[in-house]
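The values are calculated or read from the model by the stated rules, or taken from the named source; none is laboratory data. These numbers were taken from a predicted model, which means no experiment stands behind them. In this analysis, Cβ positions are derived from the backbone assuming ideal geometry, glycine residues included, and neighbour counts consider all displayed protein chains. Accessible surface areas use protein heavy atoms only, side chains included; no ligands, DNA or RNA. Shrake-Rupley method; radii C 1.70, N 1.55, O 1.52, S 1.80 Å.
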Amino acid sequence: MPSTTDVLNQASDLLKRRLVEIDEERRLLERALAELGSKATGRPRRGPGRPRRKRGRRPGRRKASRTDQALKLVEKTPGATASEVAKAMKIGPNYVYRVLGDLEKEGQIAKKGRQYFPATKV
């Protein structure tokens, strides 16, 4: 029959090995959870110490608003299409359609077919 000391030593060794296994399993589970978190949000996980992206407009980026730019272009070149205005402004045509639509609702420009004119020239 083994002595009490031997039994206690064996039990202690078994518990220590199991704790090591549990620690390794916990690290794997935490890593998997972190990966799921970044995939669930659709954003890659930020590294430590990496600053968050600042939201808002960059200083000095634009002097005039897009509506002002679009209005000036239509006044400068009556009969311009939305895609021509978009190319001149170096932005996507989908955004220009929205801007031109707002200007049309305000009565500053008028649309005839696919062309835009200053409100006084239609």
Taking first residues from the stretch 4-19 that are among the aromatic types (Phe, Trp, Tyr) and second residues anywhere that are modelled with pLDDT of 95 or more, the pairs with Cβ under 9 Å that are 6 or more apart or on different chains are none
Test set (1) at pLDDT below 65; (2) under 30 Å from Ile91 (Cα atoms) - Arg53 fails condition number | (1)
For residues that are among the polar types (S, T, N, Q) and not in a loop (DSSP other than H, G, I, E, B), scanning just the stretch 1-36, find the one that is farthest from the chain's Cα centre (by Cα).
-> Thr4
Does Asp68 satisfy the criteria of being modelled with pLDDT of 90 or more and loosely packed, with under 13 Cβ neighbours inside 10 Å?
-> no
Among the residues listed as Arg45, Arg26, the single one being at pLDDT 90 or above, on the phi < 0 side of the Ramachandran plot and surrounded by 10 or more Cβ atoms within 10 Å (Cβ to Cβ) | Arg26
Residue hits (the stretch 74-103; touching a residue at least 24 places away in the same chain (Cβ under 8 Å), open to solvent by 40 Å² or more (accessible area, probe 1.4 Å) and within 17 Å of Thr120 (Cβ to Cβ)) are Glu75, Pro78
How about the stretch 92-122: which of its residues are modelled with pLDDT of 90 or more and hydrophobic (A, V, I, L, M, F, W, C)?
-> Val96, Val99, Leu100, Leu103, Ile109, Ala110, Phe117
